[in-house]
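Asks: Got a structure for you, written out below as structure tokens; questions coming shortly.
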There are 2 protein chains.
Amino acid sequence: RRYDYLTDGPEIYRRSFAMIRDLADLSAFPVQTEPVVARVVHAAGDPAVSECVAAHDDVVRAARDALRAGAPIFTDSVMLASGITRTRLPADNEVVCTLRDGRVPALAGRWSTTRAAAAVSLWGDRLDGAVVAIGNAPTALFHLLEWLYDGGPRPAAIVGMPVGFVGSAESKVALAEHRLADGHVVPWITVHGHRGGSAMAAAAVNALASTSEI
Amino acid sequence: RRYDYLTDGPEIYRRSFAMIRDLADLSAFPVQTEPVVARVVHAAGDPAVSECVAAHDDVVRAARDALRAGAPIFTDSVMLASGITRTRLPADNEVVCTLRDGRVPALAGRWSTTRAAAAVSLWGDRLDGAVVAIGNAPTALFHLLEWLYDGGPRPAAIVGMPVGFVGSAESKVALAEHRLADGHVVPWITVHGHRGGSAMAAAAVNALASTSEI
């Protein structure tokens, strides 16, 4: 070989996670949340992203219980859906992205909103007890929170990691601060600030789905 | 609405790219490369990532000409493939990811390499004149470079943005420094360091595919 590089997949994973724990201070996180943060750092290739991660104390248990019970996973982007490793899912859980549903453009036009937000409305009653992962559109996260406040079905957990410079940071503050009229809070995990994205959100779902690091 | 947020998709894009140009110094890049860097920053949600972007002066022209002529796009991950916006492609170009090809596990075992690297070998003669996008596995990029030095088919351009802590930075230095025996260099664009990923690589391809910002 011209280049000297590691070709053993499991060993690459092991060294990667060892480096992540060396470079990032994950001690601020509860023991059950730490592997999820490590996986988000792995997807970002940046230990500093751990400083932006915040999570509800119950999100790991809530998401894991829901997935084991067969809950579907709703995503706001096709890319995020395709980043979820199906073999890690404990109950062959369905991964649903409604963005390309034929009804979306007309709904978005009628409501004067984005297609990503309109697509959320199509999740329907199956949202009750589901796991939600948003990695692209702040408008999808805002729309979901509005729906919850309006008495909509309540997911078991929300991975809220939209990316970008317009509305993204604000939507994640809204997620972290939400509390419904009866005091209920849907357990959540987020990456505060402008950063986020499908890769980080998929990594979080993959870590919630299985305790296996590799 | 409980929250005050922008819901006009095109306006969100316009403000995002205005903020990116405000926050990131893109003046170091040639005029044709600047929109590609802006889109990578957009996908990352981080102006600082522009400081890690490096590109061959001819990569934009080479990739654009190839795509207009109908060249396929080869990717190292399904997630990257699904992040390429098909409506931006100028010639309904085929997007090919061989990672899940049934021959991959046996090839990886025989060659003692990763599945991602083995999958590259299946690109075959169609790699000649194609656009390559690598957003996940450093081993895929190393394998591709080895193949080029061994006289393999030459792509028109390489988007080389694998992410991670083991081999990623080294693979991107190798990409930026490659020069084949006859002096040929395949035009490339990369994000140096640990960062990268499917979202940034897909964003680069989407920017190379069309000059439209929205």
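Asks: Can you name the number of the only condition in (1) of a type in the set (Phe, Trp, Tyr); (2) over 26 Å from B:Val132 (Cβ atoms); (3) free of Cβ contacts under 8 Å to residues at least 60 places away in the same chain that B:Tyr13 fails?
Replies: Condition (3) is where B:Tyr13 drops out.
Asks: Still on this structure, please answer the following. Out of everything in segment A:160-178 that is in contact (Cβ under 8 Å) with a residue 40 or more places away in the chain and in a loop (DSSP other than H, G, I, E, B), what residue ends up being farthest from A:Ser16 (Cα to Cα)?
Replies: Looking at the filtered set, the residue picked out is A:Pro162.
One line per residue, one yes/no per condition, for (1) of a type in the set (Asp, Glu); (2) touching a helix residue (DSSP H, G or I) at 6+ places or on another chain (Cβ under 7 Å); (3) surrounded by 18 or more Cβ atoms within 10 Å (Cβ to Cβ):
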{"site": "A:Asp46", "(1), (2), (3)": "yes, no, yes"}
{"site": "A:Asp57", "(1), (2), (3)": "yes, no, no"}
{"site": "A:Arg88", "(1), (2), (3)": "no, yes, no"}
{"site": "A:Ala108", "(1), (2), (3)": "no, yes, yes"}
{"site": "A:Gly124", "(1), (2), (3)": "no, no, no"}
{"site": "A:Ile134", "(1), (2), (3)": "no, yes, yes"}
{"site": "A:Leu144", "(1), (2), (3)": "no, yes, yes"}
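Asks: Please work out which one of (1) at the interface with another protein chain (Cβ under 8 Å from one of its Cβ atoms); (2) touching a Phe, Trp or Tyr at 6+ places or on another chain (Cβ under 8 Å) is the condition B:Val59 fails and give its number.
Replies: In the conditions (1) at the interface with another protein chain (Cβ under 8 Å from one of its Cβ atoms); (2) touching a Phe, Trp or Tyr at 6+ places or on another chain (Cβ under 8 Å), B:Val59 misses (1) alone.
Asks: Checking the structure you have, find out if any residue of segment B:119-132 is facing another protein chain (nearest Cβ under 10 Å) and either over 20 Å from A:Arg1 (Cα atoms) or touching a Leu at 6+ places or on another chain (Cβ under 9 Å) (or both).
Replies: Within segment B:119-132 (the criterion being facing another protein chain (nearest Cβ under 10 Å) and either over 20 Å from A:Arg1 (Cα atoms) or touching a Leu at 6+ places or on another chain (Cβ under 9 Å) (or both)), the answer is no, since none of the residues qualifies.
Asks: Under 19 Å from B:Thr211 (Cβ atoms), touching a strand residue (DSSP E or B) at 6+ places or on another chain (Cβ under 9 Å), more than 8 Å from every other protein chain (Cβ to nearest Cβ) and buried (at least 16 other Cβ atoms within 10 Å of the Cβ): is that true of B:Ala38 in this structure?
Replies: Answer is no for this residue.
Asks: Within the bounds of segment B:108-115, is there any residue that is touching a strand residue (DSSP E or B) at 6+ places or on another chain (Cβ under 8 Å) and more than 8 Å from chain A (Cβ to nearest Cβ)?
Replies: No, segment B:108-115 has no match at all.
Asks: Still on this structure, I have one more. Between B:Ala174, B:Ala209, which is among the small types (Gly, Ala, Ser) and within 11 Å of chain A (Cβ to nearest Cβ)?
Replies: Among B:Ala174, B:Ala209, only B:Ala174 is among the small types (Gly, Ala, Ser) and within 11 Å of chain A (Cβ to nearest Cβ).
Asks: Could you tell me whether B:Gly102 is within 13 Å of chain A (Cβ to nearest Cβ), outside any helix (DSSP H, G or I), at pLDDT 95 or above and surrounded by fewer than 24 Cβ atoms within 10 Å (Cβ to Cβ)?
Replies: No: the conditions fail for B:Gly102.
Asks: Which is over 23 Å from B:Val96 (Cα atoms) and more than 14 Å from every other protein chain (Cβ to nearest Cβ), of B:His194, B:His184?
Replies: B:His184
Asks: Residues being at pLDDT 95 or above and either in a loop (DSSP other than H, G, I, E, B) or at positive phi (or both): count how many of those fall in segment B:179-214.
Replies: The total comes to 16.
Asks: To continue, here is another question. Taking the stated definitions as given, is A:Asp76 under 21 Å from A:Ser198 (Cα atoms), more than 10 Å from every other protein chain (Cβ to nearest Cβ) and surrounded by fewer than 22 Cβ atoms within 10 Å (Cβ to Cβ)?
Replies: Answer is no for this residue.
Residue by residue, here is whether (1) out of contact with any Gly (no Cβ under 9 Å at 6 or more places or on another chain); (2) among the charged types (D, E, K, R); (3) within 17 Å of B:Met79 (Cα to Cα) holds:
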{"residue": "B:Asp101", "(1), (2), (3)": "yes, yes, yes"}
{"residue": "B:Ala116", "(1), (2), (3)": "no, no, yes"}
{"residue": "B:Leu127", "(1), (2), (3)": "no, no, no"}
{"residue": "B:Ile134", "(1), (2), (3)": "no, no, yes"}
{"residue": "B:His143", "(1), (2), (3)": "yes, no, no"}
{"residue": "B:Leu148", "(1), (2), (3)": "yes, no, no"}
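Asks: Separate question: Can you tell me which residue in segment B:17-35 is farthest from the other protein chains (Cβ to nearest Cβ), limited to those that are surrounded by fewer than 17 Cβ atoms within 10 Å (Cβ to Cβ) and charged (D, E, K, R)?
Replies: Looking at residues that are surrounded by fewer than 17 Cβ atoms within 10 Å (Cβ to Cβ) and charged (D, E, K, R), I get B:Asp25.
Asks: Looking at B:Ala69, B:Ala118, which one is modelled with pLDDT of 95 or more and within 24 Å of A:Ile214 (Cα to Cα)?
Replies: One residue alone meets the criteria, B:Ala118.
Asks: Okay, moving on. Name the single residue that is farthest from the other protein chains (Cβ to nearest Cβ) among those in segment B:41-56 being out of contact with any His (no Cβ under 6 Å at 6 or more places or on another chain) and not hydrophobic (A, V, I, L, M, F, W, C).
Replies: By that ranking, first place goes to B:His56.
Asks: A further question follows. In segment B:62-92, what count of residues is obtained for those that are over 17 Å from B:Met161 (Cα atoms) and free of Cβ contacts under 8 Å to residues at least 40 places away in the same chain?
Replies: Residues meeting the conditions: 6.
Asks: Tally up the residues in segment A:16-37 that are touching a residue at least 60 places away in the same chain (Cβ under 8 Å) and within 20 Å of A:Lys172 (Cα to Cα), please.
Replies: So the count comes out to 2.
Asks: Do the conditions hold for A:Ala181, that is, is it surrounded by fewer than 23 Cβ atoms within 10 Å (Cβ to Cβ), more than 18 Å from A:Pro30 (Cβ to Cβ) and more than 13 Å from the chain's Cα centre (by Cα)?
Replies: yes
Asks: Just one of (1) among the aliphatic types (A, V, I, L, M); (2) outside any helix (DSSP H, G or I); (3) under 21 Å from B:Leu6 (Cα atoms) trips up A:Val96, so point out which.
Replies: With respect to (1) among the aliphatic types (A, V, I, L, M); (2) outside any helix (DSSP H, G or I); (3) under 21 Å from B:Leu6 (Cα atoms), A:Val96 is out only on (3).
Asks: I need the full set of residues from segment A:63-72 which are surrounded by fewer than 22 Cβ atoms within 10 Å (Cβ to Cβ) and either within 14 Å of another protein chain (Cβ to nearest Cβ) or in a helix (DSSP H, G or I) (or both), in order please.
Replies: Listed by number, the residues that qualify are A:Arg64, A:Asp65, A:Arg68.
The values are calculated or read from the model by the stated rules, or taken from the named source; none is laboratory data. Not measured: the values here are computed from a predicted model. We place every Cβ from the backbone using ideal geometry, glycine too, and count neighbours over all the protein chains shown.
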